Amino acid sequence: MKKGFTLIELMIVIAIIGILAAVAIPMYSDYVKKSRTAGVPDALASIIQAQLIFKADVSSGNGNYATSITTNASGASTTAMMWKLQNGTTSDSFFIYNTGNATCANGPETALAYGNVKASLANEVPGDWNNGACMNTDKILKHQ
């Protein structure tokens, strides 16, 4: 009696592997896309905290929020925390972070922090995040 596998047995194993791959690959892709948005709330919360500190500081904010991460309304440099956050998140992130972005609804009070998906990476995040995410001072996140 000969030992080994028949062609039918090998074809059945290949078919089973194909079915498993057909199920696993889309699930993995969705998981990866969702993981790329996991850091957005924390980054936006850090910007909000820096905004509150900036507003309270009489030498820089003096009652006003910063209009961007790197500059305030007069063009001066904002807090080191915002600068560090901007430089630390834009190069290795799927989002570009900013403050007071006008694309968020209901004015700057609800858009004190904003994360916008980099255009070249828009297909790498879930579709409901493609227009970005806003956060207000209550740290309530709204992704658009």
Note to self: Could you compute how much accessible surface SER35 exposes when probed at 1.4 Å, giving the result in Å² to the nearest 10?
What the structure shows: 60 Å²
Note to self: Could you report the accessible area of LEU7 in Å², rounded to 10, computed with a 1.4 Å probe on the protein chains as they sit in the structure?
What the structure shows: 130 Å²
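The values are calculated or read from the model by the stated rules, or taken from the named source; none is laboratory data. These numbers were taken from a predicted model, which means no experiment stands behind them. We work out accessible area using only protein heavy atoms, side chains counted, and drop any ligands, DNA or RNA first. Shrake-Rupley method; radii C 1.70, N 1.55, O 1.52, S 1.80 Å.
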